[in-house]
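**Student:** Please find one structure pasted underneath; my questions will follow.
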Amino acid sequence: MTPTIAPPKSPTSDVQELVARVAELERAQRAEDVEATLALFDENAVWVTGGGVRLIGYDAISAFTRQVLPGAFAGDLSVRYDVEHLSFITPDVVLTGVNQEYLTADGRPLSPPQVGRPSYVWRRRDGQWFIAVGQNTTAPASTTDAEGARSPDEVESTHADQGQAAVRSILADIEHGFNVNDPELMMRHIASDALVANALGTVLRGRDEIDSATRAGLARGGALHAATAHYRLTDVTLLSADIAVAHKNAWATPSAADAGEPPEMNALYVLERRDGRWWIIRRQNTLVQPAAVT
């Protein structure tokens with residue numbers, strides 16, 4: 001794609017550098033390279049994720065990226081970034097409009113497409129371009145009859161890709177919400193008729209009960225207020241095009257998981273797609289008992 005440029009006679013060298021910076025972001029995302037991704041952000045950057053989470057400052061962006069990027073693609077997804085437009089606000093401040101599309105690991109588009117429309121405002125500092133402000137917006141999938149021309153195996157594979165991507169995104173929201181004590185983010189994907197059995201064996205029926213328990217646990221002085229969590233999916237299975245089952249392991253910190261320590265908890269999720277949107281309808285949390293010492 002050849003991007004449009006405003007004003008048209010903007011420096012070619014700057015255009016090439018900015019397109020290359022977006023390509024660096026694509027490579028870093030594909031490789032799940034946290035440090036390379038963060039190296040592109042200004043120290044005072046503000047970022048709004050595709051899920052609507054506003055992150056103010058490098059530290060907030062760093063914390064979020066370290067939670068959600070490792071394992072985001074897990075070998076079965078990829079992503080492509082194409083610069084559509086560059087607008088030179090000043091010689092050292094430039095907006096890039098980007099088309100983002102998630103793909104299968106071998107580069108095939110998902111069906112229906114999963115696309116984003118991120119915009120990045122870059123600021124030049126010490127001769128280098130950094131993202132000062134950014135926001136992503138998830139574009140709604142267009143409905144087509146393309147699936148009718150595909151084999152059942154291809155359709156099933158596409159549904160599996162979409163379901164896995166949705167589950168990973170949902171659990172990333174829950175993990176971040178837990179770590180920043182944000183009950184709204186933790187509840188964003190809970191269905192109105194959901195049932196949750198928590199790690200203490202308490203059964204919560206319906207969104208209102210789950211919401212009350214979540215807010216009480218995360219509130220200052222609550223049992224979970226000072227707790228942290230790091231999640232890793234162990235598997236996601238689509239039982240049908242609209243029903244997914246996922247298992248996750250949980251540790252207090254990423255370093256504990258990286259060190260090979262046993263998880264402190266595991267959880268089973270059942271998700272259902274309703275009107276094109278995935279919801280958690282059942283969740284069961286289980287504390288992992290320490291291994292007996294012999």
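**Student:** For region 240-294, what % of the accessible area comes from carbon and sulfur atoms, probe 1.4 Å? The partial results should precede the final answer.
**Tutor:** Working: 1790 of 3210 Å².
Roughly 56 percent, rounded to a whole number.
**Student:** Mind pulling the angle between the C-alpha long axis of helix 58-68 and the longest principal axis of the chain? Nearest 10 degrees, somewhere in 0 to 90.
**Tutor:** 60
**Student:** Using the Cα centre of the chain as origin and beta-carbon charges of +1 (Lys, Arg) and -1 (Asp, Glu), tell me which of 260, 65, 217 is placed farthest towards the positive end of the dipole.
**Tutor:** The one lying farthest along the dipole's positive direction is 217.
**Student:** Would you pull out the residues with amide H under 5 Å of residue 85's amide H, same chain only if 5 or more places away, H placed 1.01 Å from N?
**Tutor:** When sequence neighbours closer than 5 places are left aside, the close amide H contacts are 4, 97.
**Student:** What size of dipole, in debye to the nearest 20, comes out for the chain about its Cα centre when the only charges are +1 on Lys and Arg C-beta atoms and -1 on Asp and Glu C-beta atoms?
**Tutor:** With Lys and Arg at +1 and Asp and Glu at -1, about 560 debye.
**Student:** Once the piece of chain linking residue 268 and residue 27 is laid out straight, how much longer is it, given 0.36 nm per residue of separation minus the C-alpha distance between them?
**Tutor:** Net length gain for the segment: 83.5 nm.
**Student:** Show that you can apply the helix-only estimate: for the chain, add -39,500 (n - 2.57) for every DSSP H stretch of four or more residues, divide by all residues, and state [θ] at 222 nm to the nearest 500. Each step should come with its number before you reach the end.
**Tutor:** Details: 7 runs with 86 residues, N = 294.
My calculation for the chain gives -9000 deg cm²/dmol from helical runs alone.
**Student:** Can you give the accessible area per residue of the chain, in Å², using a 1.4 Å probe? Before the final figure, lay out each step's value.
**Tutor:** Working: 15080 Å² over 294 residues.
Result: 51 Å² per residue.
**Student:** Here is a further query. Only Lys, Arg, Asp and Glu count, each charged at its Cβ (+1, +1, -1, -1), so figure out the dipole size of region 1-122 about its Cα centre, rounded to 20 debye. Before the final figure, lay out each step's value.
**Tutor:** On the way: 9 positive and 16 negative charges, 65 e Å.
Taking the Cα centre of region 1-122 as origin, the dipole is about 320 debye.
**Student:** For residue 50, list long-range residues whose amide hydrogen, built 1.01 Å from N in the peptide plane, is under 5 Å from its own amide hydrogen.
**Tutor:** Here 136 satisfy the definition.
**Student:** Which residues make up the longest stretch of the chain clear of trypsin sites (Lys or Arg not before Pro) that lie in a DSSP loop with no more than 16 other Cβ atoms within 10 Å, not counting the sites? Let's see the in-between values first.
**Tutor:** Working: sites that count: 9, 150, 220.
The reported range is 10-149.
**Student:** While we're on this one: Report Rg(Cα)/(2.2 N^0.38 Å) for region 210-294, keeping two decimals. Provide the component values of the computation, followed by the final result.
**Tutor:** Details: Rg = 15.5 Å, N = 85, 2.2 N^0.38 = 11.9 Å.
Normalised Rg, Cα atoms only: 1.30.
**Student:** Could you point to the residue in 135, 121, 187 farthest towards the positive end of the chain's charge dipole, with +1 and -1 charges on the Cβ of Lys/Arg and Asp/Glu respectively?
**Tutor:** So the residue furthest toward the plus end is 187.
**Student:** Taking 7 Å along the Cα-to-C-beta vector as the label spot, tell me the residue 82-residue 288 distance in nanometres, rounded to one decimal.
**Tutor:** Modelled inter-label distance: 4.3 nm.
**Student:** Given a 1.4 angstrom probe, I'd like the percentage of the accessible area of region 1-55 that is carbon and sulfur, rounded to a whole number. Show your work: numbers first, answer last.
**Tutor:** Working: 1540 of 2960 Å².
Heavy-atom surface of region 1-55 belonging to carbon and sulfur, 1.4 Å probe: 52 percent.
**Student:** Give me the number: length gained by fully extending residue 10 to residue 275, i.e. 0.36 nm times residue separation minus the C-alpha to C-alpha distance, one decimal in nm. Could the numbers behind the result be given before it?
**Tutor:** Details: separation 265, 0.36 × 265 = 95.40 nm, distance 4.49 nm.
Full extension from residue 10 to residue 275 adds 90.9 nm.
**Student:** Can you give the angle from 0 to 90° between the axis of helix 152-179 and the longest principal axis of the chain, with both taken from C-alpha atoms, to the nearest 10?
**Tutor:** Result, in degrees: 80.
**Student:** Assuming 0.36 nm per residue, please report the length gained on full extension of the stretch residue 117 to residue 259 beyond their Cα-Cα distance. Working shown, then result.
**Tutor:** Working: separation 142, 0.36 × 142 = 51.12 nm, distance 3.69 nm.
Full extension of this stretch gives 47.4 nm more.
**Student:** Is there a quick way to get the dipole size of region 167-293? I mean about its Cα centre, with the Cβ of Lys and Arg at +1 and of Asp and Glu at -1; what is the value in debye to the nearest 20? Walk me through the numbers on the way to the answer.
**Tutor:** Details: 13 positive and 15 negative charges, 27 e Å.
Computed about the Cα centre, the dipole is about 140 debye.
The values are calculated or read from the model by the stated rules, or taken from the named source; none is laboratory data. Just so it is clear, the model here is predicted, and its values are computed rather than measured. Note that each Cβ is placed from the backbone with ideal geometry, even for glycine, and that neighbours are counted across all protein chains shown. The area values use the complete protein model at the heavy-atom level, side chains included, leaving out ligands, DNA and RNA. Shrake-Rupley method; radii C 1.70, N 1.55, O 1.52, S 1.80 Å.
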